[in-house]
Amino acid sequence: MFPVKIYKQRREELKRKIKSGVILFLGNDESPMNYTDNAYKFRQDSTFLYYFGIDEPSFAAVIDVDEDKEIIFGNDFTIDDIIWMGEQKTVKQKALRCGVKETFSMSQLESFLKNAFSKGRKIHFIPQYRHSNMIKLQILLGIDATRINDYASQELIKAVAEQRAVKSSEEIQEIENAISIAYEMQISAMKFTKAGMLEKEVAGFIEGIALSMGSGISFPIIFSKHGEILHNHFYGNKLKDGDIVVNDCGAESLLHYASDITRTFPVSGRFTQAQKEIYEIVLYAQLTAINSIKPGVSYKDIHLKASTVIAEGLKALKLMRGDIKEAVEKGAHALFFPHGLGHLLGLDVHDLENFGENNFGYDNKIKRSSQFGLKSLRYAKALVPGIVITVEPGIYFIPQLIEQWKAEKKFEEFINYEKLEAYKNFGGIRIEDDVLVTKNGSKVLGKPIPKTIDEVEAIASDKV
Ligand code: GLY
Ligand code: MN
Ligand code: MN
C-alpha cells in the first residue's frame with residue numbers, strides 16, 4: 001500500500017467534489033472459476049484500491065459526505081477461515097492502514113444504507129461490471145440488478161474519473177515499475193522465440209515473468225503471428241522464419257498499476273524488405289504522435305495526424321492513392337488502421353473504462369464519431385498534464401475486410417486493391433508505448449524498449 005496520507009488525501013479531494021449524500025464503494029469478491037472454492041485470481045476493484053488500498057475480497061466502504069464519516073465494512077476471519085487461509089489482520093487493522101477509523105461487519109451495510117435512503121439521502125455509486133456486485137446492489141438498494149448502471153451517479157463518475165485520470169508522482173513510479181516488467185517480457189520474447197515453436201511457448205514464458213516480478217499480467221497477452229486480429233488470444237500457431245509476431249503485453253506492479261507495451265519482431269531475427277517498409281511507417285506514425293502530444297491538443301487530432309502518416313506511407317508504397325487529406329477525412333485509411341490511437345492507462349490497463357469512454361474520453365466539445373476506425377478511439381478530448389496515455393498505431397492487412405471492401409468497391413479512389421493482393425498474408429504491425437503528458441509536452445515512460453528496426457533485429461537475432 002501507499003502511505004496512509006495518500007488515501008486520506010484522495011478521499012478529502014473527492015469529498016470536496018461531491019457536495020452531499022453517501023458514496024458507496026463496493027470492493028470485489030472472489031470470482032469462482034468452476035465452483036466456489038476454485039476461484040480466478042483475485043483482482044480488487046480499481047476505484048476501491050484507489051481510495052482504500054485494501055487488496056482483499058469482500059470489503060465495502062462508505063463516505064458519508066453530509067456527516068463527514070468514513071466507514072469500512074468487512075468481516076473478520078473466523079477460526080474456520082484461518083484454518084484454510086492462515087491468520088489475517090482484523091478489519092479494524094486493515095482500515096487503519098488507509099486511515100479509516102470506523103468499521104462495521106458486512107451485514108450492517110444494508111441497514112446503514114436503508115437508514116440513509118429512508119432519510120431521502122442520495123446514494124452515489126459508480127457503474128458496476130461484476131454481476132455479483134450488481135446483485136449485491138439490488139439487495140442493498142432495491143434496484144433491479146440488470147438496470148443498476150442506469151442509476152450510477154453521474155456526479156460521482158465525473159469526480160472519480162477526473163481525479164483518477166491525473167497521476168501523482170507515486171502513481172507514475174508504479175506505472176514505471178510495471179513498464180520495467182513489460183521491458184523484460186518484450187526482450188525475453190524477442191530472444192526466446194525461435195522457428196518451430198508454438199506461440200503459446202513464448203506467451204506462457206513471458207506471462208511467468210509478469211507473475212514473478214509483479215502482480216501478473218495486466219490483460220491477456222496478445223502474442224500472435226496473426227497480428228491483424230487485433231485482440232487475438234489464440235496461441236496455437238507454429239512460428240516459422242519469415243513470420244513477424246505482434247507481442248502486446250503488460251504487467252501489473254505490486255500495487256496493481258498497469259503497463260501496456262507492443263512490439264512487433266521477426267521470428268528469424270531479420271525483417272524482410274516488405275516488412276521493413278510497413279514497420280517504418282508505423283514507427284514514424286508513433287513517433288510523430290508522441291512528438292505532437294502536449295496539453296491542450298486533442299487526442300483526436302493526434303490520432304488523425306498518425307492516420308495521415310500511415311496513409312501517406314501507404315501511398316508511397318502505392319497501396320493507397322489520391323488525395324491523402326481527403327482519404328483520411330473520409331476514413332479510407334481505416335482499412336489498415338481500424339482502431340484508436342490509444343487509451344488512458346493507470347490502475348486499469350484501459351483506465352476508467354468501466355465509467356464509459358464517453359464519460360471521460362469525450363466532452364461537450366468533442367463528440368464520438370460514428371465513422372469506421374475513428375469510432376474506436378477511446379479517448380479524444382484535449383490532453384491535460386499528468387494523464388498517461390498509450391500511443392499505439394498499427395497497420396494491418398485483414399483479409400476478410402479487404403475482400404469485403406473490394407467487393408463493395410469501397411474507396412477505390414484511395415485504395416489500390418490490385419497491389420494489396422500480395423499483402424493478404426502479411427499479418428499486422430503495431431508499436432505501443434505508455435506516455436505521460438507533461439506541462440510542455442510528453443515523456444515516454446520507463447526504460448526505452450528497443451523499437452527501431454536495427455534495435456529490434458539486434459535483440460531478436462541474439463537467440464538464447
Ligand atoms: N492491450 C490492448 C490494447 O493495447 O489496447
Ligand atoms: Mn496493448
Ligand atoms: Mn493499449
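The values are calculated or read from the model by the stated rules, or taken from the named source; none is laboratory data. Because the structure is a prediction, the values reported are computed rather than measured. Here Cβ is always computed from backbone atoms with ideal geometry, including for glycine, and neighbour counts include all displayed protein chains.
A few notes on this one:
- The condition of being in a helix (DSSP H, G or I) and without any contact (Cβ under 8 Å) to a residue 24 or more places away in the chain holds for only one of I157, I135, that being I135.
- Residue pairs whose Cβ atoms lie under 7 Å apart, separated by 6 or more positions or on different chains, with the first residue in region 174-188 and modelled with pLDDT of 95 or more and the second among the aromatic types (F, W, Y), are E174/Y257; I175/Y257; A178/Y257; S188/F205.
- Filter pass, F414 being over 28 Å from the mean Cα position of the chain (by Cα), within 25 Å of T288 (Cα to Cα) and either surrounded by 19 or more Cβ atoms within 10 Å (Cβ to Cβ) or within 16 Å of ligand 3 (Cβ to nearest atom) (or both): yes
- Candidates I172, I187 - the one that is over 17 Å from the mean Cα position of the chain (by Cα), surrounded by fewer than 20 Cβ atoms within 10 Å (Cβ to Cβ) and β-branched (V, I, T): I187
- G342 within 20 Å of T47 (Cβ to Cβ), assigned to a loop (DSSP other than H, G, I, E, B), in contact with a strand residue (DSSP E or B) (Cβ under 9 Å, 6 or more places away or on another chain) and within 16 Å of ligand 3 (Cβ to nearest atom): no
- Test: L445 is more than 16 Å from ligand 2 (Cβ to nearest atom) and of a type in the set (A, V, I, L, M, F, W, C): no
- The residue pairs whose first member lies in region 415-429 and is among the hydroxyl-bearing types (S, T, Y), whose second member is surrounded by fewer than 21 Cβ atoms within 10 Å (Cβ to Cβ), and whose beta carbons are closer than 6 Å, counting only pairs six or more residues apart or on different chains, are Y417/K406.
- Among the residues of region 374-399, those identified as in contact (Cβ under 8 Å) with a residue 40 or more places away in the chain, closer than 18 Å to K300 by Cβ and more than 15 Å from ligand 1 (Cβ to nearest atom) are L374, A380, K381, A382, L383, V384, I387.
- Any hit, region 444-454, residues being crowded, with 16+ Cβ neighbours inside 10 Å, at negative phi, within 16 Å of ligand 1 (Cβ to nearest atom) and among the β-branched types (V, I, T): yes
Rundown of residues vs (1) out of contact with any helix residue (DSSP H, G or I) (no Cβ under 9 Å at 6 or more places or on another chain); (2) in a loop (DSSP other than H, G, I, E, B); (3) not acidic (D, E), yes/no style:
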position: E174; (1), (2), (3): yes, no, no
position: A195; (1), (2), (3): yes, yes, yes
position: E207; (1), (2), (3): no, no, no
position: I229; (1), (2), (3): yes, yes, yes
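- Considering residues of region 202-239 that are among the charged types (D, E, K, R) and buried (at least 16 other Cβ atoms within 10 Å of the Cβ) only, the residue nearest to I431 (Cα to Cα): E228
- Here region 345-359 is the region considered, the condition is being within 16 Å of ligand 1 (Cβ to nearest atom) and assigned to a helix (DSSP H, G or I), and the residue that is nearest to the chain's Cα centre (by Cα) is E353.
- Test set (1) surrounded by 17 or more Cβ atoms within 10 Å (Cβ to Cβ); (2) over 30 Å from K381 (Cβ atoms); (3) within 20 Å of the chain's Cα centre (by Cα); (4) away from ligand 3 (no atom under 16 Å from the Cβ) - L254 fails condition number: (1)
- Under the condition of being among the acidic types (D, E) and assigned to a strand (DSSP E or B), the residues counted in region 231-267 number 2.
- Conditions (1) more than 20 Å from V65 (Cα to Cα); (2) among the β-branched types (V, I, T); (3) touching a helix residue (DSSP H, G or I) at 6+ places or on another chain (Cβ under 7 Å); number of the one not met by V91: (3)
- When region 32-54 is filtered for residues that are acidic (D, E) and surrounded by 19 or more Cβ atoms within 10 Å (Cβ to Cβ), only D45 remains.
- Within region 315-339, the set of residues being away from ligand 2 (no atom under 16 Å from the Cβ) and part of a loop (DSSP other than H, G, I, E, B) comprises L317, K318, L319, R321, G322, D323, G331, F336.
Yes or no, residue by residue, for (1) under 21 Å from L314 (Cβ atoms); (2) more than 14 Å from ligand 1 (Cβ to nearest atom):
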{"residue": "F223", "(1), (2)": "no, no"}
{"residue": "N247", "(1), (2)": "no, no"}
{"residue": "L254", "(1), (2)": "no, yes"}
{"residue": "A258", "(1), (2)": "no, no"}
{"residue": "Q273", "(1), (2)": "yes, yes"}
{"residue": "N291", "(1), (2)": "yes, yes"}
{"residue": "G296", "(1), (2)": "no, yes"}
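- Region 27-48 residues that are in contact (Cβ under 8 Å) with a residue 24 or more places away in the chain, paired with ones that are hydroxyl-bearing (S, T, Y) and not in a loop (DSSP other than H, G, I, E, B) (beta carbon under 7 Å, 6 or more apart): D29/S132
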